[in-house]
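Enquirer: Got a structure here, written out as C-alpha cells. Questions coming.
The values are calculated or read from the model by the stated rules, or taken from the named source; none is laboratory data. Predicted model only: the values in this text are computed from it and were never measured. Positions of Cβ are backbone-derived with ideal geometry, glycine not excepted, and every protein chain shown enters the neighbour counts. The accessibility values were calculated without ligands, DNA or RNA, using every heavy atom of the protein model including side chains. Shrake-Rupley method; radii C 1.70, N 1.55, O 1.52, S 1.80 Å.
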Amino acid sequence: MRINSASIQNWILPVAALAAWEILGRVGMLPRYLSTPSAILAALWEIALTGELFVALAASLYRVSVGFALGTAAGIVVGLGAGILPGVRHFFDPLVSFLYSIPKVTFLPIFLLLFGLGHASKIAIIAFSGFFPVFVASRHAVLSVDKLLLWAARNMGAPSRTIFFRVVIPAAAPQLFGGIRIGLAHAFVVLFAAELIGSKAGLGTIIAYGEEWVRFDLMFAGVVCFAVLGFLSDRMLLAIRSRLLKGQMIGTEEEIVR
C-alpha cells in the first residue's frame, strides 16, 4: 500500500500529542485522574483477559446496531414520504420541529419506564434519537431533487414508480447518506448516556465502574473503546456510501481529500 506525505502529516499531531501525554504523565506533571496512554492500554488488556471487555463490546454493539438500523429505516421511510406526499409532510413537520431541538437523552426515563432496564429501552432511545436527522435529511433531499430531472423523466413516459426509484432515490442519495452519518453519531452519544443509567453490561458500565472505584485508567479505557467503535462504524458507513454512490462522488471536495 502506497503511503503519501499527506497520510504521514495526518498522523504527526496525534502521535506527538500521545507521546507528550505519556512523558508528562510519567514525570508527574499531569493530574492523577489523567491516566497515561500506557496505563489505559494496560487497563484494556486487564479487562480483555477477564473477558469483561468482550461482553461489554457485544452488548453495546447489539444495542447501537439494532437501534441505529430501526431509527434509520423509520427516518428514511417517513422522510421520503414527507418529501413526496404533502399530507405526510404537513403532519410530521410540526412534530419534528417541536421535538428536534430537545436533547433525546431527556426522554430516557420514559423509555426506561416503558421498556425496563434491559436492551429494549436502550435500543428504543437510540432509534428515537437517530430518526430525526435521517428524517430531516431524507425530506430535504427529495425536495431538493432537480425539477428538470423529474420533468425529463415524465416527458419520456416514465411511470411514477420508475421515477421514484430511478430518478428521485439516486438524486437524493448523497444528502440522505449525510443524514444517516449524523444519525450514527447521535446513536453513539445516546448509547453512552443510556448505559450510564441502569445498565448491567456495556462500555458505559465500564466507565461508570471506573469512576465509582477511582480507576481512571479503566474509565478512559471505556472512553477509548467508544471512540474506536464510533470511528470504525463511521469508516464502514463511508465505505458503503462510496460503493453505492460510485461515480456520484467524483470531483467532490470530500473525494479529493480522501
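Enquirer: Which condition number in (1) part of a helix (DSSP H, G or I); (2) over 20 Å from the mean Cα position of the chain (by Cα); (3) surrounded by fewer than 17 Cβ atoms within 10 Å (Cβ to Cβ) is the one that ALA43 fails?
Expert: (3)
Enquirer: Something else now. Starting from residues that are hydrophobic (A, V, I, L, M, F, W, C) and surrounded by fewer than 12 Cβ atoms within 10 Å (Cβ to Cβ), keep the ones in the range 207-226 and report whichever is modelled with the highest pLDDT.
Expert: Our first condition is that a residue be hydrophobic (A, V, I, L, M, F, W, C); within the range 207-226, this holds for 207-208, 213-214, 216, 218-221, 223-226.
Checking which are surrounded by fewer than 12 Cβ atoms within 10 Å (Cβ to Cβ) leaves us with 213-214.
Working: TRP213: 82, VAL214: 79.
Among those residues, the one meeting the criterion is TRP213.
Enquirer: Are there any pairs, at least 6 apart or on different chains, whose C-beta atoms fall under 6 Å, with the first in the range 94-105 and touching a residue at least 12 places away in the same chain (Cβ under 8 Å) and the second among the acidic types (Asp, Glu) and part of a helix (DSSP H, G or I), and if so, which?
Expert: No pair meets every condition.
Enquirer: One residue is enough: does the range 189-206 have a residue meeting the conditions open to solvent by less than 40 Å² (accessible area, probe 1.4 Å), in contact with an Asp or Glu (Cβ under 9 Å, 6 or more places away or on another chain), at pLDDT below 90 and over 16 Å from PHE54 (Cβ atoms)?
Expert: Looking for residues that are open to solvent by less than 40 Å² (accessible area, probe 1.4 Å), in contact with an Asp or Glu (Cβ under 9 Å, 6 or more places away or on another chain), at pLDDT below 90 and over 16 Å from PHE54 (Cβ atoms), one finds none in the range 189-206, hence no.
Enquirer: Any residue at all in the range 246-258 that's within 19 Å of the chain's Cα centre (by Cα), over 30 Å from THR36 (Cβ atoms), open to solvent by 30 Å² or more (accessible area, probe 1.4 Å) and modelled with pLDDT under 85?
Expert: Taking the range 246-258 first, the residues within 19 Å of the chain's Cα centre (by Cα) are 254.
Among the residues that remain, those that are also over 30 Å from THR36 (Cβ atoms) are: 254.
Those still in the list that are open to solvent by 30 Å² or more (accessible area, probe 1.4 Å) too: 254.
From the residues that got through so far, the ones that are modelled with pLDDT under 85 too are 254.
Among the residues of the range 246-258, at least one is within 19 Å of the chain's Cα centre (by Cα), over 30 Å from THR36 (Cβ atoms), open to solvent by 30 Å² or more (accessible area, probe 1.4 Å) and modelled with pLDDT under 85, which makes the answer yes.
Enquirer: In the range 14-35, is there at least one residue being polar (S, T, N, Q), farther than 30 Å from VAL134 by Cβ and touching a residue at least 60 places away in the same chain (Cβ under 8 Å)? Give the derivation first.
Expert: Taking the range 14-35 and keeping what is polar (S, T, N, Q), we get 35.
The next check asks that each one be farther than 30 Å from VAL134 by Cβ; those that pass are 35.
Within this subset, residues satisfying the condition of being touching a residue at least 60 places away in the same chain (Cβ under 8 Å) are 35.
The answer is yes; a qualifying residue exists.
Enquirer: Starting from the range 126-155, keep only residues that are under 15 Å from TYR100 (Cα atoms), then list their pairs with residues that are assigned to a helix (DSSP H, G or I) and basic (Lys, Arg) whose Cβ atoms are within a distance under 8 Å, requiring at least 6 positions of separation or different chains.
Expert: Listed by first residue and then by second, the contacts come to ILE126/ARG63; PHE128/LYS104; SER129/LYS104; PHE132/LYS104; ARG139/ARG89.
Enquirer: Additional query: Among the residues of the range 144-170, which ones are open to solvent by 40 Å² or more (accessible area, probe 1.4 Å), aliphatic (A, V, I, L, M) and assigned to a helix (DSSP H, G or I)? Spell out the reasoning first.
Expert: At the first step, the residues of the range 144-170 found to be open to solvent by 40 Å² or more (accessible area, probe 1.4 Å) are 144, 146-149, 151, 154-157, 159-162, 164-166, 169-170.
From what's left, aliphatic (A, V, I, L, M): 148-149, 156, 169.
Correct list: LEU148, LEU149, ILE169.
Enquirer: Among the listed residues GLY87, GLY75, which satisfies the condition of being within 30 Å of VAL168 (Cβ to Cβ) and either among the acidic types (Asp, Glu) or open to solvent by less than 20 Å² (accessible area, probe 1.4 Å) (or both)?
Expert: Working: GLY87 fails: either among the acidic types (Asp, Glu) or open to solvent by less than 20 Å² (accessible area, probe 1.4 Å) (or both).
So the residue among GLY87, GLY75 that is within 30 Å of VAL168 (Cβ to Cβ) and either among the acidic types (Asp, Glu) or open to solvent by less than 20 Å² (accessible area, probe 1.4 Å) (or both) is GLY75.
Enquirer: List the residue pairs whose Cβ atoms are under 8 Å apart, where the first residue sits in the range 212-234 and is polar (S, T, N, Q), the second is open to solvent by 20 Å² or more (accessible area, probe 1.4 Å), and the two are 6 or more positions apart or on different chains.
Expert: Short answer, once both residue conditions are applied: SER233/PHE188.
Enquirer: Related question: So is GLY130 touching a His at 6+ places or on another chain (Cβ under 8 Å), modelled with pLDDT of 85 or more and closer than 24 Å to LEU184 by Cβ or not? Show your work before the answer.
Expert: On the way: touching a His at 6+ places or on another chain (Cβ under 8 Å): yes; modelled with pLDDT of 85 or more: yes; closer than 24 Å to LEU184 by Cβ: yes.
Yes: the conditions hold for GLY130.
Enquirer: From the list GLY130, GLY79, GLY87, GLY75, which one is assigned to a helix (DSSP H, G or I) and under 19 Å from LEU203 (Cβ atoms)?
Expert: Of the residues listed, the single one that is assigned to a helix (DSSP H, G or I) and under 19 Å from LEU203 (Cβ atoms) is GLY130.
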